[in-house]
1. Give a residue-ordered list of calculated ³J(HN,Hα) values for segment 19-32 (Karplus: 6.51 cos²θ - 1.76 cosθ + 1.60, θ = phi - 60°; whole Hz; x for Gly, Pro).
2. Most mobile of Arg68, Arg41, Arg182 per a Gaussian network model of the chain (Cα springs, under 10 Å)?
3. Amide H of Ile65 versus every other amide H placed in the peptide plane: which residues, excluding those fewer than 5 positions away on the same chain, fall under 5 Å?
4. Among all lysine pairs in the chain that are eight or more places apart or on different chains, how many have alpha carbons less than 27 angstrom apart?
5. From the alpha carbon gyration tensor of the chain, can you work out the equivalent ellipsoid semi-axes (sqrt of 5 times each eigenvalue) and give them in Å, largest to smallest?
6. Kindly write out, for segment 105-120 in residue order, the coupling ³J(HN,Hα) from the Karplus curve 6.51 cos²θ - 1.76 cosθ + 1.60 (θ = phi - 60°), rounded to whole Hz, with x marking Gly and Pro.
7. What per residue convex hull volume, in Å³, comes out for segment 2-67 when only alpha-carbon positions are used?
8. Using mean Cβ contacts within 10 Å as the protection proxy, how do 128-134, 51-57 order, highest first?
Amino acid sequence: MKNKLASGVYERIKKGILSLEFPPDSTLQERALAEELSVSRTPVREAVQRLSQEGWLRVNSRKNIQVRSVSTSDLREVFQVRCLLEGHALDLLLNTGLYRETGRRMGSIALEMEGARGSLFSFITTDQSFHSVLFHVLGNSRLRTFWHAVSEEMIWLGMLAMNEKRYDDVLSEHGKIVEAVREGRKKAAKQALQEHLDSTENILLRKLDGMAFESERGS
């Protein structure tokens with residue numbers, strides 16, 4: 001029961017981080033979290049320790065709890081991994097008859113994303129499902145493990161990249177990927193995927209530059 005309680009607190013705080021309810025660099029209070037979740041401070045402390053070990057939280061010697069920041073180097077590393085994994089998976093799928101099934105599943109999830117526009121977090125988690133199709137259809141468990149290793153960071157970064165205009169852009173970019181994959185057009189599919197990833201990465205880089213500028217101006 002104790003472990004189950006700590007796991008529930010862990011999942012709640014993790015969702016708060018990924019959904020930007022607890023934004024990068026924000027400070028959390030152990031007591032406030034315990035009161036909000038109607039639990040003692042012990043499961044909160046255990047959850048914070050686990051999230052700290054995973055790199056989501058920073059706890060200093062005074063036991064101040066701070067959500068991790070997002071850096072340009074982190075961003076570039078995540079997108080390097082994405083390009084390698086998704087590009088390779090797409091190559092493998094387009095060299096087989098599996099691209100038809102891939103296109104069908106991607107198209108179905110793209111429709112779900114259209115319906116999820118009312119909730120940013122739902123939209124982004126469904127977006128993650130869209131990109132995960134490549135690995136589920138391929139059936140390579142090791143590639144899927146590598147993909148899952150960065151999937152939560154991709155949700156987090158996806159949340160940071162979004163704004164009202166981006167909804168239409170993402171759906172349009174996904175539509176180009178789906179169309180090319182369904183038709184087995186390898187060059188067009190890879191180009192559409194790369195353009196989509198580049199667009200998201202560039203938006204995030206500009207946002208990070210803006211955040212750094214505001215920080216310097218306020219200091």
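1. 7, 6, 4, 10, x, x, 6, 6, 9, 10, 10, 4, 5, 5
2. Ranking Arg68, Arg41, Arg182 by mean-square fluctuation puts Arg41 first.
3. Leu28
4. Pairs that pass both the separation and distance tests number 20.
5. 34, 20, 16
6. 5, 4, x, 5, 6, 4, 5, 4, 5, 4, x, 9, 4, x, 10, 4
7. Per-residue hull volume (Cα only) is 78 Å³.
8. Numbers: 128-134: 20.3, 51-57: 15.4.
Highest mean packing first, the order is 128-134, 51-57.
Any read-out appearing in this document is the output of simple, stated calculations on the displayed coordinates, not a laboratory observation. Everything numeric in this text was worked out from a predicted model, so none of it was measured. Here the Cβ is made from the backbone with ideal geometry for all residues, glycine too, and neighbour counts use every protein chain on show.
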